[in-house]
Every structure is written in C-alpha cells, then in structure tokens.
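K.L.:
Sending over a structure as structure tokens; questions will come in a sec.
The values are calculated or read from the model by the stated rules, or taken from the named source; none is laboratory data. Not measured: the values here are computed from a predicted model. Virtual Cβ from ideal backbone geometry, glycine too; neighbours counted across all protein chains shown.
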C-alpha cells in the first residue's frame, strides 16, 4: 500500500482560507487549524527525527511560529498545511544544522516499493538495500523532495510551494533525483 496521494478540493481550500482569515483577526480561532494539522505535522517531523520527545519540541516550535507569523500568511492556491510543512521542514533542518547531526530517514516498505517502481527496477530485497543506500547518499534538499513526494504523498504543486519553486521545477528535480538514484543503484 503506497502513501496516500493528498488532494484538497478548491472549495475546501477556500473554506480553510476563511478559517485562516478569521484566525488572523482572532488568534483564539487558530485552534481548529492546530487540531486539524497537529498529527500530520507531528508525523512529518517524526519521520525525520525518529525521536518522539524531539518531535514534540519541534512541533511546538512549528505551531508557535505559525501563530506568530499568521498575519504574514497569504493564500497561494495550495492548502494551509503546505505553509505549516514549510515551517516544519525549516525547523527540522535548523535542528540538524545546529546540532550537527546526520539526518534520519524513516522509510516504510510501501514507500520503497513505490520508489523502486518509479525507478523501474526489480522490486526485490537486493534492490531495496541499494535504494536505501542511494537514499543515504542524497543531498539534504534532494532527500527532502523525495520524502515529500514518496513518503508524504504530496502533489508536486504542494511540494513546489513548500520549497518555494515552480511546480514544473519540482517535477523536473524529482525526475533528475530519481535518475541519479537509478545510476547509484546500478
């Protein structure tokens, strides 16, 4: 079973934008957004740290910064969660830079199968091990893109918004990363 592909209707995004605007006027109205996205952001951070206590701390920072910067948020045609993921991604990267630790990648079997299928290799144990080694050798920003696409199931438009690039650029970069991984595996 692969990571569910995340899709949000235009109507749902508009309704959410109204919620955000209300929270911008009254911070107490941020709570429904917090409750809707806390678990999702927690899992996103946890997959990058595998430390529950650290994840809870980083999530606290994510939502604190989101509340502090909520006035700066503007609707860009993607779910509000894309903005939260960007903050979370920055918090995780900042943690690893500050503590000078090697990043952790938590990989689910289904995600590996999807990646092997995408790279068009045989889906067996040897290829899984080669894929894990290739993932371990990726640059930080490349690994982040692969995680969002294959482990989080994010659409390219959302990835692009989180990374501050165009949707087409997100597609091209992902294709190139997968090609580099394929070369590493052969």
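K.L.:
Of the residues 71, 24, which is in contact (Cβ under 8 Å) with a residue 40 or more places away in the chain, in a helix (DSSP H, G or I) and loosely packed, with under 13 Cβ neighbours inside 10 Å? Outline the logic, then answer.
P.N.:
Numbers: 24 fails: loosely packed, with under 13 Cβ neighbours inside 10 Å.
Criteria check complete, one pass: 71.
K.L.:
Out of region 120-141, which residues are surrounded by fewer than 12 Cβ atoms within 10 Å (Cβ to Cβ), assigned to a loop (DSSP other than H, G, I, E, B) and at pLDDT below 75?
P.N.:
120, 122, 124, listed by residue number.
K.L.:
Now for a separate question. I want to confirm something. Restricting to region 74-94 and keeping residues that are touching a helix residue (DSSP H, G or I) at 6+ places or on another chain (Cβ under 8 Å) and not in a helix (DSSP H, G or I), which single residue is nearest to residue 34 (Cα to Cα)?
P.N.:
Only one residue fits best here, namely 79.
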